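The values are calculated or read from the model by the stated rules, or taken from the named source; none is laboratory data. For clarity, every value in this text was computed on a predicted model and none was experimentally measured. Reconstructed Cβ throughout: ideal geometry from the backbone, glycine too, with neighbour counts over all protein chains shown. Calculation scope for accessible area: heavy atoms of the full protein, side chains included, ligands and nucleic acids excluded. Shrake-Rupley method; radii C 1.70, N 1.55, O 1.52, S 1.80 Å.
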Amino acid sequence: AASPTMIPEKGSDTIQINFEDPGIQDNRAPAYQIVEGYVDPIAGLAILYFTSPCGNVQFQLENLNDSSFLSGSIVGTGLAMIPFSCSSGQWRLTLTLSSGDEYIGEFTI
């Protein structure tokens, strides 16, 4: 049986994570973004939404100002949350899918 899960709402205090396309597409079709995300600095979370199941996803979340980082893995299905310090600075989130594709997102707190 499934149990209900609280899904954090995207409020006015959230910060969008801007992900780059993992590769250059050979056609002129719009890029399909497999992951979207935002940061809730009040809750101390990076909140990701996977639009397609991606299996086990490795992540590295790095503060580019002080070189501190956090790494680990998450399940790339539906909603995923990564708790972190939310300290000030320029941040980069690198997601590596089991296929080897990398998605890189950046944001500033």
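Here are the numbers for this structure:
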quantity	calculated
Matching residues, region 75-89, being out of contact with any Asp or Glu (no Cβ under 9 Å at 6 or more places or on another chain) and open to solvent by less than 20 Å² (accessible area, probe 1.4 Å)	Gly76, Ala80, Ile82
Scan of region 55-89 for residues that are over 15 Å from Ile17 (Cβ atoms) and among the charged types (D, E, K, R), ordered by number	Asp66
Which listed residue is assigned to a strand (DSSP E or B) and either at pLDDT below 95 or of a type outside the set (A, V, I, L, M) (or both), from Ser71, Ser67, Ser87, Ser99	Ser71
Residue within region 57-64 that is part of a loop (DSSP other than H, G, I, E, B) and either at pLDDT 95 or above or not aliphatic (A, V, I, L, M) (or both) present	yes
From the options Gln16, Gln25, residue that is out of contact with any helix residue (DSSP H, G or I) (no Cβ under 7 Å at 6 or more places or on another chain), open to solvent by 70 Å² or more (accessible area, probe 1.4 Å) and modelled with pLDDT of 90 or more	Gln16
Residues of region 55-72 that turn out to be under 19 Å from Asp101 (Cα atoms), of a type outside the set (D, E, K, R) and surrounded by 13 or more Cβ atoms within 10 Å (Cβ to Cβ), as a count	5
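For every residue, the table says whether it meets (1) among the hydroxyl-bearing types (Ser, Thr, Tyr); (2) under 17 Å from Gln16 (Cβ atoms); (3) at pLDDT below 95; (4) open to solvent by 30 Å² or more (accessible area, probe 1.4 Å).
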position	(1), (2), (3), (4)
Ile42	no, yes, yes, yes
Pro53	no, no, yes, yes
Trp91	no, yes, no, no
Phe107	no, yes, no, no
